[in-house]
Amino acid sequence: MKRRVDPRILGWLGRALNHEMSAVQQYLAQSVLTRLQGNVALSDKLHHECLEELGHAARLMERLILDGVPPKTGNLGPAFIARDAQSMLQADQQLELDAVRLYESAITHAQRVHDSVAEQLFADLLKEEIAHSNELERTGSSVTSGGEG
């Protein structure tokens, strides 16, 4: 039996899924570009980020399916790619900060409607997005200081 879910929670789940699929697309495109440019270390890091975001999308899809809603994403915008790693990493940092804001707002709503299941999912994803943001910051610092990035 599916649980009764606030329609706005379903909206937050949909927005989060769309964001995560956009992140998958962006990290994958950047991974391919940096590999083509010969920066294998950065390509591998970006590919790892892509897989982590794909895992987030899977968890959101699972929640939607368990709530009786077929997962659907809207039209994804284009992935941000640039010739230089620093510009891409800055865009990625913004992508992660957007996710942090999205999940903070989703948590607030889940608390307001007393949906502890959604609140826990959003809180877990928020924690992981903050970790992604911190990792990107370290990678960006490495690229800026001339490290392998």
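The values are calculated or read from the model by the stated rules, or taken from the named source; none is laboratory data. This structure is a prediction, so every number in the text was calculated from the model and none was measured. No Cβ is skipped: glycine too gets one built from the backbone with ideal geometry, and neighbour counts run over all protein chains shown. When the accessible area is computed, the model is the full protein with side chains, heavy atoms only, and any ligands, DNA or RNA have been set aside. Shrake-Rupley method; radii C 1.70, N 1.55, O 1.52, S 1.80 Å.
Tabulated data for the structure shown
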{"item": "Count of residues meeting criterion [more than 13 Å from the chain's Cα centre (by Cα) and in a helix (DSSP H, G or I)] in the stretch 105-134", "result": "16"}
{"item": "Condition met for residue 96 (buried (at least 18 other Cβ atoms within 10 Å of the Cβ), in a helix (DSSP H, G or I) and of a type in the set (Asp, Glu))", "result": "yes"}
{"item": "Qualifying residue in the stretch 137-145 (condition: under 19 Å from the mean Cα position of the chain (by Cα), within 17 Å of residue 45 (Cα to Cα), surrounded by fewer than 18 Cβ atoms within 10 Å (Cβ to Cβ) and charged (D, E, K, R))", "result": "yes"}
{"item": "Residue in the stretch 112-121 that is among the polar types (S, T, N, Q), more than 19 Å from residue 19 (Cβ to Cβ) and modelled with pLDDT under 90 present", "result": "no"}
{"item": "Residue that is modelled with the highest pLDDT, among those in the stretch 1-32 that are open to solvent by 30 Å² or more (accessible area, probe 1.4 Å) and assigned to a loop (DSSP other than H, G, I, E, B)", "result": "6"}
{"item": "Residues of the stretch 9-29 classified as farther than 13 Å from residue 121 by Cβ and under 8 Å from the mean Cα position of the chain (by Cα), total", "result": "5"}
{"item": "Residue that is nearest to residue 132 (Cα to Cα) [pool: residues in the stretch 64-93 that are part of a helix (DSSP H, G or I) and open to solvent by 40 Å² or more (accessible area, probe 1.4 Å)]", "result": "90"}
{"item": "Output for the stretch 33-51, where each listed residue is open to solvent by less than 60 Å² (accessible area, probe 1.4 Å) and assigned to a helix (DSSP H, G or I)", "result": "33, 34, 41, 42, 43, 46, 49, 50"}
{"item": "Test set (1) assigned to a helix (DSSP H, G or I); (2) surrounded by 13 or more Cβ atoms within 10 Å (Cβ to Cβ); (3) over 14 Å from the mean Cα position of the chain (by Cα) - residue 56 fails condition number", "result": "(3)"}
